[in-house]
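This report refers to the structure that appears directly beneath it.
The values are calculated or read from the model by the stated rules, or taken from the named source; none is laboratory data. Everything numeric in this text was worked out from a predicted model, so none of it was measured. Neighbour counts run over all protein chains shown; Cβ positions are idealised from the backbone, glycine included.
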Amino acid sequence: MYKRIKELREDRDLTQSQIAKYLNMSQTGYSKYETGENDIPTKILIELANFYNTSVDYLLNLTNETTPYKRDKKKRIRKLTILISNPFNYLQNLCFPIVTVKGLDQIHLFVAVLGLK
């Protein structure tokens, strides 16, 4: 697994610091995932699979198929239904778990621009 995440990063000419920034963590913390010094939490595996457009199974060396699995349409429809019915709360809770006053203003602006409110 550790070799795969390193290869994926290097194939895209990315640094550990860039991936760490994407994951909102330190470069040192991320490097420990690549060396196998620390186990990778499930949440991070999912984020990496999404970032590299592959599956967690590929990252874990359970398959050599790099194509990600198809997403559950029912789950996506459910999320879209929630978004349409209450976009402000959906965005606030999903995208901005820690929101400042400025962040709230940005969410309101985003929702207004999309014409969802």
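Of the residues examined, SER55 is one that is among the small types (Gly, Ala, Ser) and modelled with pLDDT under 90.
Every condition in (1) among the aliphatic types (A, V, I, L, M); (2) surrounded by 11 or more Cβ atoms within 10 Å (Cβ to Cβ); (3) modelled with pLDDT under 85 holds for LEU60 except the one numbered (3).
Among the residues of region 1-27, those identified as assigned to a helix (DSSP H, G or I) and either aliphatic (A, V, I, L, M) or in contact with a strand residue (DSSP E or B) (Cβ under 7 Å, 6 or more places away or on another chain) (or both) are ILE5, LEU8, ILE19, ALA20.
Among the residues of region 17-25, is there at least one that is within 13 Å of TYR2 (Cα to Cα) and surrounded by 14 or more Cβ atoms within 10 Å (Cβ to Cβ)? Spell out how you get there, then give the answer.
So the first thing to find is which residues in region 17-25 are within 13 Å of TYR2 (Cα to Cα), and the list is none.
No, because not a single residue in region 17-25 is within 13 Å of TYR2 (Cα to Cα) and surrounded by 14 or more Cβ atoms within 10 Å (Cβ to Cβ).
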